[in-house]
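Notes follow once the structure below has been shown.
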Amino acid sequence: MGNIQMKELIKTIVQPLVDHPEEVNVTEDSDDRNVTYLLSVNKEDMGKVIGKQGRVIKAIRTVVYAAGTGHNKRIHLEINE
């Protein structure tokens, strides 16, 4: 799965969860070994994306990491607070 597709996957998962879907943004930073996707959402939506005890973001990360298997780089998903 290409990087553009991964960014769209993250947006597709996150946008239905939030009250301000137009403010969902995903940026990418990569080096030789890692690709980090930085997720930005409206401050009011931060709790919805993280979920109780981090369950929602953990589930999102599981999907993103599974979609990224087969690449030679490690994938990380961070939330921009």
Output wanted: per-residue J couplings in Hz (rounded whole) for the range 20-33, from phi through Karplus 6.51 cos²θ - 1.76 cosθ + 1.60, θ = phi - 60°, x for Gly and Pro. 10, x, 5, 9, 6, 9, 10, 10, 10, 9, 9, 9, 4, 10
Go ahead and estimate [θ] at 222 nm for the chain from helices alone: -39,500 (n - 2.57) per DSSP H run with n ≥ 4, summed, over the residue count, rounded to 500. -11000 deg cm²/dmol
Roughly what angle does helix 55-67 make with the longest principal axis of the chain, taking Cα atoms, 0 to 90 degrees, to the nearest 10? 30
Quick one: how many lysine pairs does the chain have with C-alpha atoms less than 18 Å apart and a gap of 8 or more or different chains? Give me the count, please. 7
On C-alpha positions alone, give me the angle between the axis of helix 3-14 and the longest principal axis of the chain, in degrees, nearest 10. 20
Residues meeting the amide H criterion for V35 (H placed from the backbone, H to H distance under 5 Å, 5 or more places apart or on another chain) are R74, I75, H76
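Rule-based calculations on the coordinates, nothing more; no lab input. All values derive from a computational prediction rather than experimental measurement.
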